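Take a look at the structure below.
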Amino acid sequence: MESRNELPRLLIDTAPDAIIICRSDGVVTIANRRAHDMFGYPPGRLVGTFVDDLFPDDVRPALPKKRAQYLAGETRPLRRVPVRGRRRDGSVFPVEISLSGVSAPDGETYVTSVLRDDTAQRRDAAARALLASVVQSSHDAIVTADLNNRILSWNPGAELLYGFPAEQMIGVPIDEIIPAERRADEQQIRDLVRMGGRVDRYRSLRLTASGQPVAVAMLVSPLLDEHGTLVGTTSTARDISERERTEARVQAILDAAPDALLGVSEAGQVVLVNAATERLFGHPRHDLIHLPVGRLLPDGLPPVSAVLRTGGDSSTPLDTERTEDREQRWAKRRAIRSDGAELPVDITVSALHIDSGVITVAAVRDITDRLAAEAERRRLREETDRQKLEARMQQAQRLESLGQLAGGIAHDFNNLLAVILNYAAFIIEDAAGSPPAADAEQIARAARRGSDLTHQLLAFARREVIRPRPLDLNAVVTEVHQMLDRSLGEHINLTVRTSPGLPAVMADPGQLEQVLVNLAVNARDAMPTGGRLTIDTADVRVDAEHSAARAGLSPGHYLRLRVSDTGTGMPKEVIDKAFEPFFTTKPSGQGTGLGLATVYGIVTQAGGTVQIYSEPGMGTTFTILLPVTDVQAQEVTTEESDERLAGHGATVLLAEDEDALREVTSRILVRGGYTVLAANGGEEALRLAATQPVDVLLTDVIMPGMLGKDLADAVTSRHPRTKVLFMSGYAQPVLTDHGTLASGVHLLEKPFTSAELMRALHDELQAKP
């Protein structure tokens, strides 16, 4: 009998859900083991406590009233009501509660509460909902099929890719969207996945509702139920038709290239070829892919590290030649055709960074004909018609020859001018007010005219270092306006109209002034009896229909600089040649033919374009478009006093191979308060740098034995805090990138005055590291 009475209590105590029975006053009379575990109480401690203590503080005050209302009614059962429970440690958790009330024979009403913690269920439901949302919102086509290959689900991505609605495809065999010739292969893939195999993403074809095949990237994975049992497969398809069309267009562009192009992996295998490669080597494309590059180019290619290093360094390996566009050209290389024949080739290499590493791209050109032509030219030069051959080549070499001549003159002549200019300044300063000082002023004036001449020579040959910075175009035009008013002559009526509030452009101010001066001088010469010259600025937007865009300029935001005259104008045949170097319509001795060529070079180097509109007798208009920049135009800083520019004992390591210039520069520095260590070249400068700390290195760019850049690298590698200031009259081949001064490189152009030298050193020492 006793065991029979214990059975209900045992059943309650071992129930999987929490069961709590309390009286009408809220006192707990029975609580099973699960209830104690759920609320964090030791066994037996819940009995005698108030059930209200099992709820959060914010709802507890209302519970007695709700309990009274429940007991006053019909006490109908409440099922699975979501509430919040409170554990003994104060933590709150979600729980479902079911209630039922019963009246005992003694007249007391008892309430039975069955509680279930549904946190895990809610988490699982949320995860399932999130997964379903991901599948439904995916742009990929996600299709599941059972073990009989019948479609179980079909997401919106599948509707969009295949064109079939979901309700039409559920229950349909998955082979309906697979081309007949691929069904056997696809079944093997599904069987492999079902056996636990792993299949990487692969390319395949699928059929759309219109019956057209579509190229897709496929991924097949097993479909498991909640118990982990295999119930089918999941296929994820991504449309790669557009990507393949893009790849085909890219391949078509590569195939149109006249040179053979090879992409070589870091392992030395060919991974990319074009049609010219097939023709050059005589191998079909499928044989070339994965072929060791040594089979095609027995002399090999440089390692990737060498390509990367020489691509950004001024030095080149011994078996290379550096081209003007800074590409590496590996000379005297051989190529082996499929028939074993050897071809002399010219190879240009560059590095291409991709996700999987670096690919060396080699452009290979058969130079058999070129070598034969060169041999023929050598033969012709040995014959009597050598002068005629050289005359034909002269026109193509004129600008480069002028550049080389300008560089040589600038380097040596600027050294001499710097010595003359500064010794004249010493005389002017030391003998102020005397006749020798006046004579020295004439010497200095002549030296400055010589300096201007060398800068013009470099500019004509496009060998001058440019320093682009954000410019206010209106300010440049206004400044040139004042100069032109004095120089054009009274017979020219000059009008300047500037639009207010223009953004800045990125250009070299000196070169932009030269553009305006060249155009103004040309306009003056076209109006010998007088006329009107108009310069105006405006803000323009270039779209695809703009004439400049049709001429090759990228659409975007530009500033327009327009120079118009009422002169004689130009016929079309002259306009077509106007920008060619050395082309001029002026009489012999009155023009170099470089004015408009220089304008064209400066504008195009700044990323802009220049166009001509002219008719004979109607005048000429030059329209220049320059791209705007978001950077604000720089304000001109005020000059600091001579005292602020003094060296105050700072140590300068001076490296200059020209004795006279080294001596006069040392004298300027000592007078300016600097401590000077003078060296006649790089080797001596390194020895001096090893004896004591150096604040700033002042070095010539071009010196015998060691270039200034190499000296600077050596000094700063030992003394990283040492500042570097270069000085040169012709630094373009060493310090610049396409004529623009490299970032972080500071250059003092020769010839310089003592004030310019002191200013440059002061700025260098004050610059932040």
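The values are calculated or read from the model by the stated rules, or taken from the named source; none is laboratory data. Everything numeric in this text was worked out from a predicted model, so none of it was measured. As a convention, Cβ positions derive from the backbone with ideal geometry for all residues, glycine included, and neighbour counts pool all protein chains shown. Areas reflect the complete protein model, heavy atoms only, side chains present, ligands, DNA and RNA absent. Shrake-Rupley method; radii C 1.70, N 1.55, O 1.52, S 1.80 Å.
Of all residues in the range 411-430, those satisfying the criterion of being touching a helix residue (DSSP H, G or I) at 6+ places or on another chain (Cβ under 7 Å), without any contact (Cβ under 8 Å) to a residue 24 or more places away in the chain and open to solvent by 30 Å² or more (accessible area, probe 1.4 Å) are ILE427, ILE428. Return yes or no: is GLY729 at pLDDT below 85 and touching a Lys or Arg at 6+ places or on another chain (Cβ under 6 Å)? Here the answer is yes, as GLY729 does meet what is asked. Pick from PHE55, PHE93: which is out of contact with any Ser or Thr (no Cβ under 7 Å at 6 or more places or on another chain) and aromatic (Phe, Trp, Tyr)? Matching residue, one of PHE55, PHE93: PHE55.
The number of residues in the range 209-227 that are part of a loop (DSSP other than H, G, I, E, B), in contact (Cβ under 8 Å) with a residue 40 or more places away in the chain and open to solvent by less than 60 Å² (accessible area, probe 1.4 Å) comes to 1.
Residue by residue, here is whether (1) farther than 18 Å from THR716 by Cα; (2) in a loop (DSSP other than H, G, I, E, B); (3) open to solvent by less than 10 Å² (accessible area, probe 1.4 Å) holds:
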site: LEU654; (1), (2), (3): no, no, yes
site: ALA660; (1), (2), (3): yes, no, no
site: ARG667; (1), (2), (3): yes, no, no
site: GLU683; (1), (2), (3): no, no, no
site: LEU688; (1), (2), (3): no, no, no
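Annotation: of all residues in the range 11-68 being touching a residue at least 60 places away in the same chain (Cβ under 8 Å) and part of a helix (DSSP H, G or I), the one that is farthest from GLY107 (Cα to Cα) is MET38.
Among the residues of the range 67-98, those identified as open to solvent by 80 Å² or more (accessible area, probe 1.4 Å) and either at positive phi or modelled with pLDDT of 85 or more (or both) are ARG80, PRO82, ARG84, ARG88, ASP89. Please go through the range 247-273 and give me each residue that is open to solvent by 80 Å² or more (accessible area, probe 1.4 Å), part of a helix (DSSP H, G or I) and acidic (Asp, Glu), ordered by number. Correct list: GLU247 only.
For (1) within 19 Å of GLN766 (Cβ to Cβ); (2) touching a helix residue (DSSP H, G or I) at 6+ places or on another chain (Cβ under 9 Å), each residue gets a yes or a no:
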position	(1), (2)
ALA660	no, yes
ARG671	no, yes
THR675	yes, yes
ILE702	no, yes
GLY705	no, yes
ASP713	no, no
VAL724	yes, yes
MET727	yes, yes
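Pairs are defined by a Cβ separation below 7 Å, a sequence spacing of at least 6 or placement on different chains, a first member in the range 704-725 that is under 14 Å from ALA679 (Cβ atoms) and among the small types (Gly, Ala, Ser), and a second member that is in a helix (DSSP H, G or I) and open to solvent by 40 Å² or more (accessible area, probe 1.4 Å); the pairs so defined are GLY705/GLU683. For the range 160-181, give me each residue that is farther than 18 Å from LEU223 by Cβ and either open to solvent by 70 Å² or more (accessible area, probe 1.4 Å) or among the small types (Gly, Ala, Ser) (or both). Listed by number, the residues that qualify are LEU160, GLY163, GLU167, GLN168, GLU176, ALA180, GLU181. When THR568 is tested against (1) under 23 Å from GLU513 (Cα atoms); (2) modelled with pLDDT of 80 or more, just one condition goes unmet, and that condition is (1).
Within the range 99-112, the set of residues being among the aliphatic types (A, V, I, L, M) and surrounded by 14 or more Cβ atoms within 10 Å (Cβ to Cβ) comprises LEU99, VAL111.
What about ASP13, is it touching a helix residue (DSSP H, G or I) at 6+ places or on another chain (Cβ under 8 Å), within 15 Å of VAL95 (Cβ to Cβ) and acidic (Asp, Glu)?
Values: touching a helix residue (DSSP H, G or I) at 6+ places or on another chain (Cβ under 8 Å): yes; within 15 Å of VAL95 (Cβ to Cβ): no; acidic (Asp, Glu): yes.
No: the conditions fail for ASP13.
Per the conditions (1) within 60 Å of the chain's Cα centre (by Cα); (2) open to solvent by less than 40 Å² (accessible area, probe 1.4 Å); (3) among the hydroxyl-bearing types (Ser, Thr, Tyr), the sole criterion not satisfied by SER133 is (2).
Listed by position, the helices (runs of 4 or more DSSP H) inside the range 99-180 whose residues that are at pLDDT below 80 number at least 3 are 119-137.
You will find that of ASP525, ASP485, the residue that is loosely packed, with under 14 Cβ neighbours inside 10 Å, modelled with pLDDT under 90 and more than 14 Å from VAL603 (Cα to Cα) is ASP485 and no other. Residue pairs whose Cβ atoms lie under 6 Å apart, sitting 6 or more positions apart in sequence or on different chains, and linking a residue in the range 164-191 that is within 20 Å of ARG203 (Cβ to Cβ) to a partner that is of a type in the set (Val, Ile, Thr) and not in a loop (DSSP other than H, G, I, E, B), are ILE174/ILE151; ILE189/VAL220; ARG190/THR233. Annotation: of all residues in the range 228-245 being open to solvent by 50 Å² or more (accessible area, probe 1.4 Å) and touching a helix residue (DSSP H, G or I) at 6+ places or on another chain (Cβ under 8 Å), the one that is farthest from ASP146 (Cα to Cα) is ASP239.
Condition check ((1) surrounded by 15 or more Cβ atoms within 10 Å (Cβ to Cβ); (2) of a type in the set (Gly, Ala, Ser); (3) farther than 30 Å from LEU748 by Cβ; (4) modelled with pLDDT under 80) across all residues:
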position	(1), (2), (3), (4)
PRO468	yes, no, no, yes
THR495	no, no, yes, no
LEU512	yes, no, no, no
ASP536	yes, no, yes, no
ALA549	yes, yes, yes, yes
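Scanning the range 360-381 for residues that are open to solvent by less than 30 Å² (accessible area, probe 1.4 Å) and in a strand (DSSP E or B) gives THR360, ALA362, ALA363, VAL364. Contact map, the range 619-630: first residue more than 11 Å from LEU561 (Cβ to Cβ) and hydrophobic (A, V, I, L, M, F, W, C), second residue assigned to a strand (DSSP E or B) and open to solvent by less than 30 Å² (accessible area, probe 1.4 Å), Cβ cut-off under 8 Å, separation 6 or more or different chains; pairs are VAL628/ALA504; VAL628/VAL505; VAL628/TYR558; VAL628/LEU559.
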